[in-house]
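The values are calculated or read from the model by the stated rules, or taken from the named source; none is laboratory data. This structure is a prediction, so every number in the text was calculated from the model and none was measured. Cβ placement follows ideal geometry from the backbone for every residue including glycine, while neighbour counts extend to all protein chains displayed. To get the accessible areas, we keep the full protein, side chains included, count just its heavy atoms, and leave off ligands, DNA and RNA. Shrake-Rupley method; radii C 1.70, N 1.55, O 1.52, S 1.80 Å.
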Amino acid sequence: MPKPKTTLPGTTDRRITALVTLLAENATIVISGARIAREIGVSRSTVWRWVERLRELGVRAKGHPRTGYFLEKVPDLLTPDMLKSRLKGSLFGKHIHHFLKTDSTNRVAMQLGYAGEPEGAVVIAEEQTAGRGRAGRTWHSERGTGIYVTLLLRPKISPVQAPLLTMMAGLSARATIQAQTGMSVDLKWPNDLMLAGKKLGGILTEMHAEPTRVRFVIVGIGFNVNQEKFPAELTAIATSLRAQSGRTHSRMELLVRLLREFENDYNRFLREGATSVTERFEAVSSYARGKQVNVSNGAEHYSGITAGLSPEGLLRVKREAGEIVTVIAGDVKEAS
Ligand code: BTN
């Protein structure tokens, strides 16, 4: 197996994280540019450049090179140091790769998977420039407002079971949002998180497998947290936790909880198998049973009523003629 690669091009410079930590630990106190430069080991002009960069990410750092800097508010950045200290003992607390900006955390995690990175590696971005969605779509990933994370797993399962991890991640995200915000997310088979009839988030699972065994799986989870508005083409179909609740939510708290929930669900899935996912998914998803839907899978379009999940987690639909079909892939929409 190739040697694990721990530093990837583009990951956040540890010294930027140190700068944030230094400012956060001394919040509201002015610290001179010279002291910051000395403590984190860069020039004063680099400190200025990085402060500007952090401001673009929504960090409320006041001041300038002559006066020094201070934080008006502790920022909600998903820095690896902070996460590691909150995730002690967790599978996901050891190998955290953070990007201020990357194309896609799934793309990075895939690369890590091929390079032999161990199970439990986490890739996080504050912004994605080419976030990937299901069926070749893009995932709008505005800077500093959503959660964009991908987890690398090496489960001893067969490839046909991998899609269960998508549904499982949906359950973990749902439980997280319920616990942190009190809001109740619906799950639309196989990978959508829905809130107030709009899309809040989604999961994109990709894998590298042999015919009978999985080499690795990556589970990419994205959901909208503090977005105030969306591009025109998404306004009617997308929402965020903030848009629904009228207040901002801590991405750090949501992410820590998500990784804990995911770890519990994952261990349970490995222990108990598919039913630990399918039964719970059926219990909480309004789409799993009795929903009038339109299904399209490229060539074919049909309508029917959902009739539960198969043991592998595929959706069953009772077509108008009475025949029950299993949806393997395709778009499922509530019939209007
Ligand atoms: C979908 O609903 O179509 C799936 C969206 C998945 C988006 C997440 S954001 C983190 C990870 N990185 C990506 O490029 N995509 C997933």
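The figures follow:
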read-out	value
Thr150 being open to solvent by 60 Å² or more (accessible area, probe 1.4 Å) and either without any contact (Cβ under 8 Å) to a residue 12 or more places away in the chain or under 18 Å from Leu91 (Cα atoms) (or both)	no
Qualifying positions in segment 279-336 - part of a strand (DSSP E or B), within 27 Å of the chain's Cα centre (by Cα) and on the phi > 0 side of the Ramachandran plot	Gly308
Any pair with Cβ under 8 angstrom, 6 or more apart, that starts in segment 21-34 at a residue that is touching a residue at least 12 places away in the same chain (Cβ under 8 Å) and over 17 Å from Glu52 (Cβ atoms) and ends at one that is β-branched (Val, Ile, Thr) and open to solvent by 30 Å² or more (accessible area, probe 1.4 Å)	Ala24/Val74; Ala27/Val74; Val30/Thr67
Qualifying residue in segment 114-137 (condition: under 21 Å from Ser250 (Cα atoms), within 14 Å of the ligand (Cβ to nearest atom) and part of a loop (DSSP other than H, G, I, E, B))	yes
Residue under evaluation Leu195, criteria (1) more than 24 Å from Ala121 (Cα to Cα); (2) open to solvent by 50 Å² or more (accessible area, probe 1.4 Å), criterion not met	(2)
Elements of type strands (runs of 3 or more DSSP E) contained in segment 168-220, each with 1 or more residues being more than 15 Å from the ligand (Cβ to nearest atom) and modelled with pLDDT of 95 or more	198-209
The listed residue being open to solvent by 10 Å² or more (accessible area, probe 1.4 Å) and of a type outside the set (Lys, Arg), out of Gly136, Gly131, Gly113	Gly136
Some residue of segment 55-75 being open to solvent by 60 Å² or more (accessible area, probe 1.4 Å), under 19 Å from Leu255 (Cβ atoms), among the small types (Gly, Ala, Ser) and part of a loop (DSSP other than H, G, I, E, B)	no
Any hit, segment 95-109, residues being free of Cβ contacts under 8 Å to residues at least 40 places away in the same chain and more than 13 Å from the ligand (Cβ to nearest atom)	yes
